[in-house]
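As structure tokens, the structure follows; a few thoughts come after it.
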Amino acid sequence: MQVSELKPEQHFITDEPYYVATGSEIAVFEAAYRNRLPLLLKGPTGCGKTRFMEYMAWRLKRPLITVSCHDDLTASDLVGRYLVKGGETVWVDGPLARAVHAGGICYLDEIVEARKDTMVVIHPLADDRRVLPMEKLGTLLQAGPEFCLAISYNPGYQSVLKDLKQSTRQRFVALEFDYPSAELEQRIVASEAAVDAAMAEKLVKFAQMTRNLKGNGLEEGASTRLLVHAGKLIAAGIAPVTACAGAIAQALTDDPEMLAAINELSASLF
């Protein structure tokens, strides 16, 4: 018995996600999708890669299955495995197989965090073959024209041991993401966090200050996502300095001296 159930209410995005293009990424994605080419999204954490994928799934009217990759993610987790249910052994498809069956978009977030055997699985899907080996079933699952494979990673954060190999990288059309311009980021924060333009401007200025500390005590500066978190706290009545300390400073580092420095930057603005 095989189980391959995709519930539309869980994977179709019915409401348009808020997304503002920063370049030609929408046109490139659509062209790649029409030509059945897989996509690689590169950029820092929290800069909008996942939101972009949600927007494109809504725009293309395809189900989106997102997998957050981690050290323990195996090929079986993606493809599927045999499980015992009600005294019966059944095959249960993994998220990648479900996306192929449904003609959906499978988004593997931070792909380099997954175990190396996952790369062996996605390679045949990411070239002209467009097949998913189902080794435990002894079959090859052919992807239809509506299926799309997308992966992401943060090239500025990954170590040499966790970088993408050329054999993987060269299968994909790459889209590079970065934090938006200050003006655009202010619009995003104001819209997403429901704060006024003046507060959004201060939050973005604060983020730029923390980004200048990257490599000087911080691995990453404040992302647009963190600014939205802080903005939502402020909109809920939390003092800006307190909101920035909890939503931004504490999220960026545990180092006491660096925390003090970031909080001083916040106090100078708010």
- Task: Please indicate, with yes or no, whether at least one residue in the stretch 100-110 is out of contact with any helix residue (DSSP H, G or I) (no Cβ under 9 Å at 6 or more places or on another chain) and farther than 28 Å from SER223 by Cα.
- Result: yes
- Which of the residues spanning the stretch 243-268 are surrounded by 15 or more Cβ atoms within 10 Å (Cβ to Cβ) and out of contact with any strand residue (DSSP E or B) (no Cβ under 9 Å at 6 or more places or on another chain)? ALA243, CYS244, ALA245, ALA247, ILE248, ALA249, ALA251, LEU259, ALA261, ASN263, LEU265, SER266
- Message: Quick check on my filter: what residues within the stretch 164-189 are over 26 Å from VAL112 (Cβ atoms), small (Gly, Ala, Ser) and touching a residue at least 40 places away in the same chain (Cβ under 8 Å)?
- Response: SER181
- GLY80, sole failed condition from (1) under 26 Å from PHE29 (Cα atoms); (2) surrounded by 21 or more Cβ atoms within 10 Å (Cβ to Cβ); (3) of a type outside the set (D, E, K, R): (1)
- Looking at this structure, is LYS49 touching a residue at least 24 places away in the same chain (Cβ under 8 Å) and either surrounded by fewer than 21 Cβ atoms within 10 Å (Cβ to Cβ) or among the aromatic types (Phe, Trp, Tyr) (or both)? no
- Any idea how many residues of the stretch 98-124 are over 16 Å from the mean Cα position of the chain (by Cα), within 20 Å of GLU146 (Cα to Cα) and either hydrophobic (A, V, I, L, M, F, W, C) or part of a helix (DSSP H, G or I) (or both)? 9
- Exception for LEU226 within (1) at pLDDT below 95; (2) surrounded by 21 or more Cβ atoms within 10 Å (Cβ to Cβ) falls at (1)
- Item | Selection within the stretch 27-43 - assigned to a helix (DSSP H, G or I) and loosely packed, with under 15 Cβ neighbours inside 10 Å | ALA27, GLU30, ALA31, ARG34
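The values are calculated or read from the model by the stated rules, or taken from the named source; none is laboratory data. All figures in this text were calculated on a predicted structure; none of them were measured in a lab. Counting neighbours? That spans all protein chains shown, and the Cβs are built from the backbone with ideal geometry, glycine included.
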